[in-house]
Each structure stands twice: as C-alpha cells, then as structure tokens.
1. To the nearest 20 debye, what charge dipole does the chain have about its Cα centre, counting +1 at the Cβ of each Lys and Arg and -1 at the Cβ of each Asp and Glu?
2. Given a 1.4 angstrom probe, I'd like the percentage of the accessible area of the chain that is carbon and sulfur, rounded to a whole number.
3. Would you compute, for the Cα atoms of the chain, the largest minus smallest coordinate along each principal axis and list the three values in descending order, in whole Å?
4. Report the calculated FRET efficiency for residue 4 and residue 44 (r = Cβ-Cβ distance, R0 = 25 Å), to the nearest 0.05.
5. Just grab the label-to-label distance for residue 37 and residue 60, each label 7 Å out from Cα along the Cβ direction, in nm (one decimal).
6. If contacts are Cα pairs under 8 angstrom and at least 6 residues apart, what is the relative contact order of the chain in percent?
Amino acid sequence: MKTTGKIVAITGSVIDVQFKSDEMPDLQYALHIKGNHNNVITLEVVQLLPDHIVRALSLSATEGLSLGQE
C-alpha cells in the first residue's frame, strides 16, 4: 500500500506524520521518506494519534527532514 503523509512534528528521532483518514498505516508499518541527500530514511509507526496522525520512530538520523515535507 503506497500512501503519502505530511510531517507535522519532529522531536529528535520521533516524527509525527498526518495522513488522509482512509490512508492511515497500521502499527509497526514502515514509512520511507527522502532525506536531504536523496537518501531514504525509514520510520516505524509506533503509535496512532487523533486527527489521522501517526507517531513514528526513525531508524536513522533525521537531519534534513522538515515540517510539511511529504
């Protein structure tokens, strides 16, 4: 399943991503985001929050990610 979300918060290695209501990933789902050097940053969904937001833990450095990034 390919879905697109938007980063709404970054706190160190914890990233909150908002999705459309019908595109919410499940717990332990892997998310992939392009970093600032065209590298791929992998996140794991660890919590489902209100307003169609998931909290994910980055498995690598989060440098180069920004709010609003899809």
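The values are calculated or read from the model by the stated rules, or taken from the named source; none is laboratory data. Keep in mind it's a predicted model, so treat the numbers as computed, not measured. Reconstructed Cβ throughout: ideal geometry from the backbone, glycine too, with neighbour counts over all protein chains shown. Quick note on the areas: whole protein, heavy atoms, side chains included, nothing else; ligands and nucleic acids left out. Shrake-Rupley method; radii C 1.70, N 1.55, O 1.52, S 1.80 Å.
1. Numbers: 5 positive and 8 negative charges, 27 e Å.
Around 120 debye, computed over the chain.
2. Numbers: 2230 of 4550 Å².
Taking all protein chains in place, the chain shows 49 percent carbon and sulfur surface.
3. Cα extents, longest axis first: 31, 22, 21 Å.
4. On the way: r = 18 Å, r/R0 = 0.71.
So the FRET efficiency works out to roughly 0.90.
5. With each label point 7 Å from Cα toward Cβ, the separation is 0.9 nm.
6. Working: 145 pairs, mean separation 25.3, N = 70.
That works out to 36 percent.
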